Each structure stands twice: as structure tokens, then as C-alpha cells.
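Just below is one structure, and these are the notes that go with it.
The values are calculated or read from the model by the stated rules, or taken from the named source; none is laboratory data. A quick note: this is a predicted structure, and the numbers were derived from the prediction, not measured. We place every Cβ from the backbone using ideal geometry, glycine too, and count neighbours over all the protein chains shown.
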DNA sequence: GTCTATATAGCGATAGAC
DNA sequence: GTCTATCGCTATATAGAC
């Protein structure tokens with residue numbers, strides 16, 4: 001007997017596949033933006049890659065800039081490694097800094113992160129406030145977390161630092177260093193594992209020579 | 001007596017105003033590329049700004065990419081401060097590093113240099129070999145010069161450095177630092193003079209604490 | 001060698017049928 | 001809510017007159 005009174009394979013007749021298609025669009029946009037840049041990824045390509053029509057993209061996200069903004073937002077939320085924000089005072093300082101450095105350097109070295117960096121500081125974004133927004137939810141949060149960690153080690157007498165936020169910025173700047181600059185300019189493929197590890201050790205060693213309590 | 005045998009107001013009848021117009025095009029291109037980016041500056045605008053026709057631009061430089069390449073080349077040649085490449089061993093080390101830092105930071109902080117950096121690491125340039133070329137004639141040359149200077153001070157017993165090229169890269173990385181990153185992302189106008197000076201001193205002090213011979 | 005006018009193509013965004 | 005077809009605009013690069 002097919003007399004089911006309300007089988008309702010679609011619970012919400014109004015907008016059945018919204019979320020599904022919305023996520024497909026977001027993923028397609030993330031892929032195409034990171035591989036071809038902002039101008040290089042056309043709304044036609046994004047719609048085709050997501051398997052929907054172009055107007056569906058527009059009805060979900062308004063326009064291209066709003067779609068890109070959503071991509072950046074979701075990207076930042078899933079990128080920051082939790083290990084950066086734990087104190088772990090039981091670990092020796094050098095090991096703790098090496099751990100932070102390893103996670104941070106891996107994060108900024110991923111092809112998607114490099115591509116995102118390139119887009120966000122490109123001339124196309126100069127008039128937008130999105131880069132400044134990204135700075136607050138990305139680099140600034142990391143820097144604050146490192147400042148808190150340094151503060152603890154200073155209080156414990158392990159470090160002698162005058163200006164802690166500046167030292168945190170210096171540490172992160174050194175971690176990026178020449179390898180990250182070369183990646184931005186496309187001068188090299190990713191570092192080999194041994195080279196990256198050598199870079200991390202050299203960074204931590206230099207930082208500790210400058211700031212370790214004598 | 002007007003009997004000059006070859007007055008020749010035009011020495012080369014074949015192409016009378018070539019160099020003049022060529023330089024006007026180059027200057028117009030430099031201005032528009034640095035203010036509007038690579039894609040943002042159209043060949044129409046460049047031709048109009050230079051006071052010539054668009055076809056003249058094409059006949060002089062071939063296509064847009066070649067024109068941009070010429071702009072980068074001429075820009076690099078006139079940007080590098082000579083003071084970076086002098087040894088000046090009679091100056092105290094800290095003053096010498098501060099001088100280098102001041103010149104280097106001023107160079108990379110100029111609106112044109114920031115705009116150039118943005119363009120050269122933009123996704124639009126990812127497929128080109130121009131960024132790699134720029135790296136060799138720009139950052140790499142500076143880094144080599146700093147390496148030579150550090151080598152002298154190590155030989156003089158003032159510094160204790162294991163890996164000199166890496167230390168040179170660290171010094172330049174620190175000089176760029178957070179301020180330069182913020183400029184790239186458009187998070188701030190130029191630093192005030194006092195802030196920049198404080199940044200330079202903090203950089204040199206940290207570098208010396210890490211590498212000064214004890 | 002230089003100019004005006006145009007060919008060709010791609011973009012973001014939208015109107016109307018279902 | 002979703003799709004096909006198209007508008008309006010701007011770009012690079014080129015053909016033909018002088």
C-alpha cells in the first residue's frame with residue numbers, strides 16, 4: 001500500500017539542497033581561487049566545478065567578493081593548529097619553541113596558504129578591507145598566542161625579554177624567513193624535510209641566544 | 001655664416017624621437033603599474049599617460065609582459081642604495097648595522113617598492129620566471145653584500161657566526177619584520193619616524209645579542 | 001613611425017522560462 | 001530555487017590611412 005501520509009523525502013520543500021550545494025560551491029571556490037588566483041578564477045569555472053549554474057552561485061553568495069570573503073573565513077577557521085595555543089609549561093623551552101615553529105612553518109608553507117597570502121596582498125585587494133580583517137583573525141591571533149607563551153617563560157625566569165610583543169613578532173618573522181619569501185616569489189619548490197628542520201633549529205637557536213636568561 | 005656642412009637637427013632620420021618616447025612610455029608604465037597593479041594598468045592608460053598612441057607602445061616593447069619586465073629592470077638598477085655595498089670597517093659595528101638597516105628599510109618601505117613586491121608575488125606572476133629573475137638581481141644581491149660585511153666583522157673577532165649566509169638572511173628578514181608584512185596587507189600607513197627608528201634599533205640589538213662575540 | 005578605428009575574446013552580472 | 005541565454009563592459013592586440 002503506497003498510502004504513506006507524509007513520507008517526505010524532502011523535509012523542507014522550500015529549499016531542499018541549499019546547504020549541500022552551498023558547500024560544494026565553497027569547496028570549488030577554494031580550489032579555484034588557490035590555484036588560479038582571484039581574477040584567474042571566473043564565476044563560470046566555479047559554477048562548473050561545483051556542478052551548479054552560475055545563478056545559483058550568485059543566489060547563495062551575492063557576488064564574487066562576498067564569496068571570496070566566505071572562503072577566507074572558513075579557511076582561517078580550519079587552519080590554525082591548536083598546538084599553537086596550548087601553553088605546555090612542562091616541556092623544555094627549546095622543544096616547545098621547536099614544536100610551535102614546526103606547526104607554524106608547516107601551516108604557512110602549504111600551497112593553499114601561500115596562494116592565499118599571494119591573493120590577499122595582491123594589488124587587486126588593495127582597496128578592500130579584507131586583508132586587514134584577515135590580519136586580525138590570522139597573524140595577529142598567532143602573535144598574541146606566542147606573546148602569552150613568552151610571558152609565562154619570562155615569569156618563570158627562563159627568558160629575559162624587554163618588549164614581549166615585539167619578541168613574539170620577531171620569532172614569527174624569523175620562522176617565515178627567507179624560505180617563505182622564496183615561496184612567495186616562486187623561486188623554489190617546497191624545502192626538503194632536512195632543510196626545513198635545519199631552518200627551524202637555526203631560528204630557535206638564534207632566538208634563544210638573544211633572549212635566554214643568562 | 002650658416003654654412004654648416006651637416007647641421008642635422010635630426011641625427012638619425014630613420015627614428016627621430018624613439019628614445020624620448022620610449023622613456024616617456026617607461027615612466028608612464030612605472031607610475032601606472034605601481035599605482036594600479038599589473039592587470040589594473042591598461043595599455044590604453046599607459047599610452048595616454050605617455051602622450052603616445054597605443055600602437056607606439058606595442059612597436060617599442062612588443063607586448064605588456066615585456067614592457068613590465070623593462071620597468072622592473074630599470075627599477076632595480078636605480079633602487080639599491082650604494083651604502084649597502086660599502087664595507088666601512090672604521091665604523092663601530094652597531095652604527096654600521098643601523099645604517100644598513102635604515103637604508104634597507106627605507107628602500108623596501110617606499111610605496112613603489114611595496115607595490116612592486118605585491119605585483120611580483122601576485123598569482124598573475126606565478127607562471128612567469130620574472131619573479132625569480134627579480135630575486136637574483138634584487139634580494140639576493142643585497143643578501144650577498146651583507147654576507148661579505150658580516151664575514152669581515154667575524155674575521156675581526158667582533159662577531160661569532162656559524163653560518164654567515166643564514167645570519168645575513170636572518171638580519172634582513174628581521175629588518176623587514178612585522179612592519180613590512182603589515183604594509184603588504186595594507187594594515188597601516190607608513191610608520192612614524194620614531195616607530196621606524198625603534199624598530200631598527202630593536203632589530204640590531206637582537207641581532208647583536210645573538211651573534212656578538214662574548 | 002605614428003595615428004584612428006576595429007577585431008576578438010573574456011569577464012561579472014542579469015532577464016525570463018520552468 | 002534553478003537553469004539557459006544574453007547584456008554591457010573592458011581588455012589585448014591588430015589592420016589600414018597618412
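Quick look at the numbers
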read-out: Meets criteria (more than 10 Å from chain B (Cβ to nearest Cβ), under 21 Å from the mean Cα position of the chain (by Cα), touching a residue at least 60 places away in the same chain (Cβ under 8 Å) and surrounded by 17 or more Cβ atoms within 10 Å (Cβ to Cβ)) for residue A:200; value: yes
read-out: Those residues of segment B:39-57 which are surrounded by 16 or more Cβ atoms within 10 Å (Cβ to Cβ) and either more than 8 Å from DNA strand D (Cβ to nearest atom) or farther than 22 Å from residue A:119 by Cα (or both), in sequence order; value: B:43, B:45, B:46, B:47, B:49, B:50, B:52, B:56, B:57
read-out: The listed residue being free of Cβ contacts under 8 Å to residues at least 60 places away in the same chain, surrounded by fewer than 17 Cβ atoms within 10 Å (Cβ to Cβ) and either within 8 Å of chain B (Cβ to nearest Cβ) or touching a strand residue (DSSP E or B) at 6+ places or on another chain (Cβ under 7 Å) (or both), out of A:132, A:127; value: A:132
read-out: Single residue of A:153, A:96 found to be in contact with a strand residue (DSSP E or B) (Cβ under 6 Å, 6 or more places away or on another chain) and more than 30 Å from residue B:42 (Cβ to Cβ); value: A:153
read-out: Pick from segment A:58-73, criterion buried (at least 17 other Cβ atoms within 10 Å of the Cβ) and free of Cβ contacts under 8 Å to residues at least 60 places away in the same chain, ranking: farthest from DNA strand D (Cβ to nearest atom); value: A:71
read-out: Cross-chain or 6+ apart pairs with Cβ under 8 Å, segment A:40-55 first and over 27 Å from residue B:40 (Cβ atoms) and more than 14 Å from chain B (Cβ to nearest Cβ), then in a helix (DSSP H, G or I) and within 9 Å of DNA strand D (Cβ to nearest atom); value: A:50/A:21; A:50/A:57; A:52/A:21; A:53/A:47
read-out: Qualifying helices (runs of 4 or more DSSP H) (wholly inside segment A:106-212; at least 3 residues being out of contact with any helix residue (DSSP H, G or I) (no Cβ under 7 Å at 6 or more places or on another chain)); value: A:130-137, A:139-155, A:193-211
read-out: Scan of segment B:58-95 for residues that are more than 20 Å from residue B:116 (Cβ to Cβ), over 17 Å from the mean Cα position of the chain (by Cα) and assigned to a helix (DSSP H, G or I), ordered by number; value: B:58, B:59, B:60, B:93, B:94, B:95
read-out: Residue count for segment A:203-214, restricted to those that are touching a strand residue (DSSP E or B) at 6+ places or on another chain (Cβ under 7 Å) and surrounded by 15 or more Cβ atoms within 10 Å (Cβ to Cβ); value: 2
read-out: Scan of segment A:148-188 for residues that are farther than 19 Å from residue B:210 by Cα and within 12 Å of chain B (Cβ to nearest Cβ), ordered by number; value: A:179, A:180, A:181, A:182, A:183, A:184, A:185, A:186, A:187, A:188
read-out: Any chance residue B:117 is facing chain A (nearest Cβ under 9 Å) and buried (at least 16 other Cβ atoms within 10 Å of the Cβ); value: yes
read-out: Test: residue in segment A:123-141 that is in the same structural domain as residue A:201 (by TED's automatic domain parsing) and closer than 19 Å to residue A:212 by Cα; value: no
read-out: Matching residues in segment A:37-46 - criterion: being part of a helix (DSSP H, G or I) and near DNA strand C (Cβ under 9 Å from one of its atoms); value: A:38, A:39, A:40, A:43, A:44, A:45, A:46
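Every residue, every condition in (1) within 14 Å of another protein chain (Cβ to nearest Cβ); (2) within 16 Å of DNA strand C (Cβ to nearest atom); (3) over 25 Å from residue B:184 (Cα atoms), yes or no:
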residue	(1), (2), (3)
B:57	no, yes, yes
B:65	no, no, no
B:81	no, no, no
B:87	no, no, yes
